[in-house]
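Some notes on the structure that comes next.
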Amino acid sequence: MISRRKLVLGLAGAAGVAALSRARCPGPPRDPAARRALKLPIAPSGWPFPGARVVAPAAVFPSDFGVRRIYLDPGHGAPGNAGNVSCFCVEEQDFTLSAAHALAERLNATGRFEARVGRTADRPVRYQERAEDAARWRAEAFVSLHSDVRGRIETWSPAPGRTCPFNLAAPGFAVLWSDEGEPALCARRLALARAFARRMAEAGLMPYRGASYRGLYEPDSAQAGVFVDRHPPGQRIFVLRRPTMPSVLIETHHALDAREAARWTEPATLDAFAAATAAALADTVGRGNAVAETLGGGDAPASRPPT
Ligand SMILES: [Zn+2]
């Protein structure tokens, strides 16, 4: 929880901005003005502050795991759909493409996965096309990467002449899934979603509590950070219900939170997330319904509202 207390971050804020200057993602501020101390509400400790450690969870691969095909969907980059604009004025479609390549490199380096990135920056790609591509390629999991926007939007100026949206009240990751469709596939989606959230938390990332999700997503009864799509029928997320293999959508962080956006440009965060992803996939891919049943997959999500 974010405390109401206001403190000057000082070195912590400067360290975060310095990390941005090493970023691969486009648009980080490099000017001295962006390095000034920021008056920010501060959490007691831990993610997403610069001193909070992230670690790489250890994957446990079954002996017959082999090499598994994983489809990485860089969210947005679809016709007329660039996604959100971050607190550093980076378009979501650019962040997700960069994050997907970083993840693919790391997964492929394990020798356990063949990861395919579902689009390039050359042209917009419809989500239907991505789902068809994943099926043709016989992917065993479909992982859609995004960043989220939550809460009341304020503005700040991370660089001279640049005004970007800003909000520090709702950090954290969320893993979304759909219970729409064939029950066995739904159970495998839920198992994958829970494994992702469990392993991301183990990596030191913070699950979002879901306060702004009321009416849109419902929290899981068993795993913090997991939410099932509750948009009205016809408005539900395509990549959660359409792929023929288990699919999840990872809201990696809150795009308007300067602390999280900075940390998601750091190699240490990308390393930890890739290790969490490998561990989650090792926990679930190829294990079929056995894992889903072990995890209680297919249960109706809790009906209680988010807390
Ligand atoms: Zn998105």
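The single condition among (1) away from the ligand (no atom under 16 Å from the Cβ); (2) charged (D, E, K, R); (3) modelled with pLDDT of 95 or more that Asp94 does not satisfy is (1). Selection over the stretch 71-89 of residues that are within 16 Å of the chain's Cα centre (by Cα) and of a type in the set (A, V, I, L, M) gives a count of 2.
Which of the residues that make up the stretch 241-284 are surrounded by fewer than 23 Cβ atoms within 10 Å (Cβ to Cβ) and more than 21 Å from Gln223 (Cβ to Cβ)? Listed by number, the residues that qualify are Arg242, Thr244, Glu266, Pro267, Ala268, Leu270, Asp271.
Which residue pairs have Cβ atoms under 9 Å apart, sit 6 or more places apart or on different chains, and have a first residue in the stretch 126-138 that is within 17 Å of Leu240 (Cβ to Cβ) and a second that is surrounded by fewer than 14 Cβ atoms within 10 Å (Cβ to Cβ) and at pLDDT 95 or above? Here the result reads Arg126/Pro79; Tyr127/Asn81, each pair linking the stretch 126-138 to a residue that is surrounded by fewer than 14 Cβ atoms within 10 Å (Cβ to Cβ) and at pLDDT 95 or above.
Asn289 fulfils the conditions (1) in a loop (DSSP other than H, G, I, E, B); (2) modelled with pLDDT under 95 except for a single criterion, (1).
Scanning the stretch 222-235 for residues that are part of a loop (DSSP other than H, G, I, E, B) and at pLDDT 95 or above turns up Ala222, Gln223, Ala224, Gly225, Arg230, His231. Among the residues making up the stretch 115-160, a single one is surrounded by fewer than 16 Cβ atoms within 10 Å (Cβ to Cβ), among the polar types (S, T, N, Q) and within 24 Å of Ala193 (Cβ to Cβ): Gln128. Looking across the stretch 221-240 at every residue that is away from the ligand (no atom under 16 Å from the Cβ) and hydrophobic (A, V, I, L, M, F, W, C), the one that is farthest from Leu97 (Cα to Cα) is identified as Ala222.
Just one of the numbered conditions (1) assigned to a strand (DSSP E or B); (2) under 26 Å from Arg53 (Cα atoms) is not true of Gly204: (1). None of Ala52, Ala43 is modelled with pLDDT of 60 or more, away from the ligand (no atom under 15 Å from the Cβ) and out of contact with any Lys or Arg (no Cβ under 7 Å at 6 or more places or on another chain) except Ala52. Residues in the stretch 241-272 that are under 20 Å from Leu97 (Cβ atoms), within 16 Å of the ligand (Cβ to nearest atom) and not in a strand (DSSP E or B): Ala255, Leu256, Glu260, Ala261, Trp264. Within the stretch 56-71, being modelled with pLDDT of 95 or more and farther than 16 Å from Ala195 by Cβ holds for Gly66, Val67, Arg69, Tyr71. Each residue in the stretch 209-227 was checked for being more than 17 Å from Ile237 (Cα to Cα) and buried (at least 24 other Cβ atoms within 10 Å of the Cβ), and 1 of them qualify.
In the condition set (1) of a type outside the set (A, V, I, L, M, F, W, C); (2) crowded, with 21+ Cβ neighbours inside 10 Å; (3) away from the ligand (no atom under 14 Å from the Cβ), Arg112 is compliant with all but (2).
When the stretch 62-78 is limited to residues that are closer than 13 Å to Leu107 by Cβ and in a strand (DSSP E or B), the one that is nearest to the ligand (Cβ to nearest atom) turns out to be Leu72. For the stretch 123-158, filtered to residues that are under 22 Å from the mean Cα position of the chain (by Cα) and basic (Lys, Arg), the residue that is nearest to the ligand (Cβ to nearest atom) is Arg150. Taken over the stretch 79-91, the residue count meeting the criterion of being within 10 Å of the ligand (Cβ to nearest atom) and small (Gly, Ala, Ser) is 2. Restricting Cys89, Cys164 to those that are on the phi > 0 side of the Ramachandran plot, touching a residue at least 12 places away in the same chain (Cβ under 8 Å) and hydrophobic (A, V, I, L, M, F, W, C) reduces the list to Cys89.
The values are calculated or read from the model by the stated rules, or taken from the named source; none is laboratory data. All values derive from a computational prediction rather than experimental measurement. Cβ: placed from backbone, ideal geometry, glycine included. Neighbour counts: every protein chain shown.
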